[in-house]
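K.L.:
Have a look at the structure that comes next, please.
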Amino acid sequence: MGPRAQLPPEIQLAQRLAGNEQVTRDRAVRKLRKYIVARSQGAAGGFTHDELLKVWKGLFYCMWMQDKPLLQEELGRTISQLIHAFQTTEAQHLFLQTFWQTMNREWTGIDRLRLDKFYMLMRMVLNESLKALKTQGWEERQIEQLLELLTTEILHPDSQAPSGVKSHFLEIFLEELSKVGAAELTADQNLRFIDPFCTIAARTKDSLVLHNITRGIFEAIVEQAPFAIEDLLNEVDSQEEEEDDDEDNEDGMSEDDECKQDVPSGKPGSLRGAACDPSDEPAGDGEDSVGPVLQFDYEAVASRLFAVASQQSTPSQNRKRLYKVIRKLQDLAEGLFPEDDVPEKAYRNLQEEGRERRTKKRLPTSTSHKPGKGRKEDSCPDLSSGSERMTKRRRRRRRQGSGAEPTGPQEQAGVAGQRGPWKKRRRSRAGARVKVAGSQELQTKQQPLQSRK
């Protein structure tokens, strides 16, 4: 037998990444990082598309085999940070492209018990890809390339992305972008990030994608508008305080005050740093805090949405949905905050108050009157109104069937006392029995007379 053919290093790493032992998998992940760094720096160039697909298949099953939430989170962070091991932007984008292609291919085979850790992996990979843009200074060309990659692999109609991948991506995109770039991105840059979603929302024929875009992107912008304005005002106030401090220093302050001003803000005991530096305050401690929020020019977002929604090729369903969002954005641009929940709550409260009033009105007639003189007869018709009607109908049917027409006084007695007709019928039946008994006695008396004759 000849010598056994040696497998390519990508396949060997993939086999070790999908091993049964955790020690073998952890060692394979460390070797993979070193291999990526060495391969990217080599003169031969980076990886091919097929090679990275094999690598991602091994990483996918490495995550598949990992148990325990804390270890899953650590492994997901390690895998997502592999993007920084690539030296060029093209290699990083190819790494991301093969990741989303792998998720689209393997998604239908994931059981419900493993969904959470792959949701977490998608979030971490998206976060690290945005951090890679941040390290490059948010260049326009890099932003356009990343958005085109994400649109082609996830949101485009020709992509093979399942609905679960699309929905989760649209749900986490704005959150991860705000975590990474809320402190640096301007309103124009944020508009560039959401521009592909405007185009897809106007052209898509998938109602689920349209709903997720409007809910996860545009309505999220509307809901976060009060917090964004609050952050902007806080930033303006902090800048004004810094300018006032600089003017005071120029005018000449006392030596003790200058010493306090010269104390760096990072030291413990620095009152100025604790008051002026907003980054020292922990995000999310307040009840109403939602973390970092992106700044948007609401008028520009509304005009961009109107430009794509007003085209003739836009479906009517998409146009109606986008016009509702445009009205909300225009109201925000004019300084009017939407309060959709308040009228609905008020309407519900009015309904509940009306029901309580009706029940209070009904209670005295049925429960408040105690049985006594003159009360027992009044309360009975209210409680048995339905049964009284049924008895009246039965009496009418019986009278119609018998052919007898009751007179006026009999009807009044039947209605008032409710026992007159029954007594009369009983008496008539008793009289009939007497007549029958009398006729039988006459017949018995006549029989002996005939026998005597």
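The values are calculated or read from the model by the stated rules, or taken from the named source; none is laboratory data. Keep in mind that this is a model prediction, so the values were computed, not measured. As a convention, Cβ positions derive from the backbone with ideal geometry for all residues, glycine included, and neighbour counts pool all protein chains shown. Side chains included, ligands, DNA and RNA excluded: accessible areas come from the protein's heavy atoms. Shrake-Rupley method; radii C 1.70, N 1.55, O 1.52, S 1.80 Å.
K.L.:
Could you give me the residue pairs with C-beta distances under 6 Å whose first residue belongs to segment 147-168 and is in contact (Cβ under 8 Å) with a residue 40 or more places away in the chain, whose second residue is outside any helix (DSSP H, G or I) wherever it lies, and which are 6+ apart or on separate chains?
P.N.:
Cβ pairs passing all conditions: GLU153/SER159; ILE154/ALA161.
K.L.:
What number of residues in segment 36-70 are within 18 Å of ALA18 (Cα to Cα), aliphatic (A, V, I, L, M) and open to solvent by 60 Å² or more (accessible area, probe 1.4 Å)?
P.N.:
Total meeting the criteria: 1.
K.L.:
Do you know which of the residues in segment 168-208 that are open to solvent by 20 Å² or more (accessible area, probe 1.4 Å), in a helix (DSSP H, G or I) and in contact with a Leu (Cβ under 7 Å, 6 or more places away or on another chain) is farthest from GLN224 (Cα to Cα)?
P.N.:
Ranking the qualifying residues of segment 168-208, first place goes to ILE200.
K.L.:
Which numbered condition trips up PHE95, out of (1) at pLDDT 95 or above; (2) surrounded by fewer than 15 Cβ atoms within 10 Å (Cβ to Cβ); (3) not hydroxyl-bearing (Ser, Thr, Tyr)?
P.N.:
Failed condition: (2).
K.L.:
Now for a different question. From the list LEU155, LEU147, pick out the single residue that is under 21 Å from the mean Cα position of the chain (by Cα) and farther than 26 Å from GLU74 by Cα. Explain how you work it out, then say what you get.
P.N.:
Working: LEU147 fails: under 21 Å from the mean Cα position of the chain (by Cα).
Only one candidate passes the filter, namely LEU155.
K.L.:
When the residues of segment 1-31 are narrowed to those that are open to solvent by 100 Å² or more (accessible area, probe 1.4 Å) and closer than 26 Å to HIS49 by Cα, which ends up modelled with the lowest pLDDT? Outline the logic, then answer.
P.N.:
Initial filter on segment 1-31 (open to solvent by 100 Å² or more (accessible area, probe 1.4 Å)): 1, 3-4, 6, 15-16, 20-21, 27, 30.
This time we only want the ones that are closer than 26 Å to HIS49 by Cα, so: 6, 15-16, 27, 30.
On the way: GLN6: 81, GLN15: 93, ARG16: 94, ARG27: 95, ARG30: 95.
Going through the qualifying residues, I end up with GLN6.
K.L.:
What residue, among those in segment 312-337 that are part of a helix (DSSP H, G or I) and β-branched (Val, Ile, Thr), is surrounded by the most Cβ atoms within 10 Å (Cβ to Cβ)?
P.N.:
So the first thing to find is which residues in segment 312-337 are part of a helix (DSSP H, G or I), and the list is 316-333.
When the remaining residues are screened for being β-branched (Val, Ile, Thr), the result is 325-326.
Details: VAL325: 22, ILE326: 20.
Going through the qualifying residues, I end up with VAL325.
K.L.:
Evaluate the following for PHE227: is it within 27 Å of the chain's Cα centre (by Cα), assigned to a helix (DSSP H, G or I) and modelled with pLDDT of 95 or more? Working first, answer last.
P.N.:
Values: within 27 Å of the chain's Cα centre (by Cα): yes; assigned to a helix (DSSP H, G or I): yes; modelled with pLDDT of 95 or more: no.
In short, no.
K.L.:
Report every pair of residues separated by at least 6 positions or lying on different chains whose Cβ atoms are under 7 Å apart, first residue within segment 174-191 and more than 20 Å from THR214 (Cβ to Cβ), second open to solvent by 40 Å² or more (accessible area, probe 1.4 Å) and part of a helix (DSSP H, G or I).
P.N.:
VAL180/LYS131; VAL180/LYS134; GLY181/LYS134
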